[in-house]
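Following: one structure in structure tokens, then a few remarks.
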Amino acid sequence: MAKICIFQQKAIYLQRKLIARDFKAINSPSVLQSSQSWSIEQNLETMKSIQEINRMYLEKNIEKTPHDVELLDAFKKNPKAMPVHESTADLADGTPVLTNYGLMSMSLDDGFMQGYYIPKCEELLNSDKPLDPLTVRTLRASLIEFAMLGCIEAQRVIEKFLIEYGKGDNEMLANIVLSRWPERHNLQRFLAIQQGGTDPNVDHTSFHRAMTEIRSGSKRTRWVNYFFPQMKTDRDLPTFYYSLRDETEALIYINHPMLRKRLLKMCEAILQNDHSIFDIFSRFDIKMIRSCIDLFSQISSIKIFEQMRQEYGWKYYADKF
């Protein structure tokens, strides 16, 4: 028994030495610079992929009605504004409205996005001028639409507004997220199971219970697949059901206020834990967590995902998502 313990101690020592070596290498200036450049390139590639998905969906799945065309044509005559969906209530007077078809069409219009919408987002990011609650609500209603359609600059403004103006509009944002393309993406499956599920005969781990396990330093029940979702895979059925279907659904997921908040809190709990991530989770769990972090660090501007990657020396997987 004593010999086994000595061997185990040597193995642990060597493993930690290798981890330290790899961590030092991955955090060298040259590697970090190349990793950052690669990340920017991957963001652009992802954005292009999302645009292709949305373009195909627009052409094949959304029927264009006279009402859609009327609103879109009216907006195109003077597109110098941040449009919202026509169903959104309690907005500033004069706010231009569009349908799903119109919003998606404008998100694919490079002239509008590069010439107006993205510069407007950058202006909001760099501005220190306080905004009244109605203006903030109106801007949020537009930003969430374009963030779900792949505009990272819109997502950055959403994050800034969350810090500066709080989460008073979260209910509106959640309703917008859940109402877009309901036949294509169904985030309710995540919201339900993260509350403990809807089947009284099945004991699914809730968010609070999962957080308790992280803080205790030992994951004891199964929940990683639906709190750290990854892109669709060929794994077993439960994991497959809680996989994200494409990059667009990933954007919709990370822009839902509650789902984003829970994911960020879990990341914070892991980073701030006295126990290592390698103590808390199994090797298979860490693989799923890493895949999730890789995905969201490439399609969003949320800093904690990059902190996770740097903390554990995670390079991006070679395969795209």
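Looking only at segment 144-185, filter to residues that are basic (Lys, Arg) and under 16 Å from Met104 (Cα atoms); which one of those is modelled with the highest pLDDT? My answer is Arg180. Of all residues in segment 270-284, those satisfying the criterion of being part of a helix (DSSP H, G or I) and surrounded by fewer than 13 Cβ atoms within 10 Å (Cβ to Cβ) are Asp279, Arg283, Phe284.
Would you check if there is a residue in segment 121-130 being buried (at least 22 other Cβ atoms within 10 Å of the Cβ), among the hydrophobic types (A, V, I, L, M, F, W, C) and within 21 Å of Ile302 (Cα to Cα)? Within segment 121-130, one or more residues are buried (at least 22 other Cβ atoms within 10 Å of the Cβ), among the hydrophobic types (A, V, I, L, M, F, W, C) and within 21 Å of Ile302 (Cα to Cα).
For segment 223-245, the candidate set comprises residues that are assigned to a loop (DSSP other than H, G, I, E, B) and either small (Gly, Ala, Ser) or within 12 Å of the chain's Cα centre (by Cα) (or both); within that set, the residue that is modelled with the highest pLDDT is Phe228. Among residues of segment 107-130 that are under 22 Å from Glu59 (Cβ atoms), those with a Cβ under 8 angstrom from a residue that is modelled with pLDDT under 95 and among the aromatic types (Phe, Trp, Tyr), sequence gap 6+ or separate chain, pair up as Ser107/Phe146; Tyr117/Phe146.
The values are calculated or read from the model by the stated rules, or taken from the named source; none is laboratory data. The shown structure was predicted, so the numbers you read here are calculated from the model rather than taken from an experiment. All Cβ positions, glycine included, derive from the backbone under ideal geometry; neighbour counts span all protein chains shown.
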